[in-house]
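> Here's a structure for you.
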Amino acid sequence: MENGRPRVEPPDLSEKGGLRDGRPQSSDVRLFMQLLAFGGCNDASAVGQHLERAGLEVVVYEDVSDPKGIGVLTVARDPATFVEAARSALRTGPCAALTLKSELTMLGRTYSLGYEPDLNDTLIERPRRTVLNRDWRWGVWYPLRRSGSFAQLPDQQQRTILAEHGAIGKSFGAGDYVHDVRLACHGLDRSDNDFVIGLIGKDLFPLSAVVQAMRKTQQTALYLDRLGPFFVGRAIW
């Protein structure tokens, strides 16, 4: 008690995982990813080289929908990277003449569900391996927002709905067709979306096919308010 009032405890903001070696896992380290789309690019490789020289960990995609379009995915543990090193690099050199497509900007952070057997792999290593894999060059990125009614469902019903959705993703992953990156973007997205999804793979068709398959799940059919816009590209850097 303080001055006769109950003491207010601050929330625990750490990510939680399952037991490992008999001990609960906890981490305050997360990975942030930002996708920026641009037009007016005549040399995507030059952009990649320029950003690498700036010390950034990036993927540069050639935009399927724009012959002079690119997408720049920046990966960082510290979000200050986006307003410091990345911001400076994207205003200079071959990036100076690019035109930002703000409607395709996406920013999110990795997160845990609470039962992951390897928390560091979930939060840091696996997302990095997925987006930086040189054999998985195709990427489809999009934001989504769940309806408020989903949050009002009992926890067990939510888990059942998500399990149906997740089973499709696991089956595509087992065939090495699609590998996903799931990012939370609560309060980070200009359109107030909840999540950013990256679908990564060797070929484009399976990325489209998994989206089609998931349209039939309860989550997509009943509990999504918004999906997209979609950025589709193939990594050149």
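The values are calculated or read from the model by the stated rules, or taken from the named source; none is laboratory data. Predicted model, so just to flag it, every value in this text is computed and none were measured. All Cβ positions, glycine included, derive from the backbone under ideal geometry; neighbour counts span all protein chains shown. Just so you know, the surface numbers come from the protein's heavy atoms only, side chains and all, with ligands and any DNA or RNA stripped out. Shrake-Rupley method; radii C 1.70, N 1.55, O 1.52, S 1.80 Å.
> Ser112 versus (1) surrounded by fewer than 15 Cβ atoms within 10 Å (Cβ to Cβ); (2) touching a helix residue (DSSP H, G or I) at 6+ places or on another chain (Cβ under 7 Å): which is the lone unmet condition?
With respect to (1) surrounded by fewer than 15 Cβ atoms within 10 Å (Cβ to Cβ); (2) touching a helix residue (DSSP H, G or I) at 6+ places or on another chain (Cβ under 7 Å), Ser112 is out only on (1).
> Then there's this: Among the residues of the stretch 70-86, is there at least one that is surrounded by fewer than 19 Cβ atoms within 10 Å (Cβ to Cβ) and touching a residue at least 60 places away in the same chain (Cβ under 8 Å)?
No, the conditions are met nowhere in the stretch 70-86.
> Can you find a residue that is out of contact with any Lys or Arg (no Cβ under 9 Å at 6 or more places or on another chain), free of Cβ contacts under 8 Å to residues at least 24 places away in the same chain and over 23 Å from Tyr142 (Cα atoms) anywhere in the stretch 29-45?
Scanning the stretch 29-45 turns up no residue that is out of contact with any Lys or Arg (no Cβ under 9 Å at 6 or more places or on another chain), free of Cβ contacts under 8 Å to residues at least 24 places away in the same chain and over 23 Å from Tyr142 (Cα atoms).
> Go through (1) more than 30 Å from Asp155 (Cα to Cα); (2) open to solvent by 60 Å² or more (accessible area, probe 1.4 Å) one by one and return the number of the condition Gly48 breaks.
Answer for Gly48: the failing condition is (2).
> Can you pull out every residue in the stretch 143-166 that is under 11 Å from Asp194 (Cβ atoms), open to solvent by 40 Å² or more (accessible area, probe 1.4 Å) and modelled with pLDDT of 85 or more?
Those that are under 11 Å from Asp194 (Cβ atoms), open to solvent by 40 Å² or more (accessible area, probe 1.4 Å) and modelled with pLDDT of 85 or more: Arg145, Arg146.
> Additional query: Residues that are out of contact with any strand residue (DSSP E or B) (no Cβ under 9 Å at 6 or more places or on another chain) and within 20 Å of Gln219 (Cβ to Cβ): list the helices (runs of 4 or more DSSP H) wholly contained in the stretch 99-175 that include at least 1 such residues. Quick ask: steps written out before the conclusion?
Numbers: elements: 126-132, 148-151, 155-174.
Answer list for the stretch 99-175: 148-151, 155-174.
> Another question, if that's okay. Residue pairs, Cβ under 9 Å, 6 or more apart or interchain, first in the stretch 181-204 and more than 16 Å from Gly169 (Cα to Cα) and of a type in the set (Ser, Thr, Tyr), second open to solvent by 20 Å² or more (accessible area, probe 1.4 Å) and outside any loop (DSSP other than H, G, I, E, B). List them.
Hits for this filter: Ser191/Glu103; Ser191/Arg145; Ser191/Arg226.
> Moving on to the next point. Which residues, taken from the stretch 12-50, are among the hydrophobic types (A, V, I, L, M, F, W, C), in contact with a strand residue (DSSP E or B) (Cβ under 7 Å, 6 or more places away or on another chain) and not in a loop (DSSP other than H, G, I, E, B)?
Phe32, Met33, Leu35, Leu36, Ala37, Phe38, Ala44, Val47
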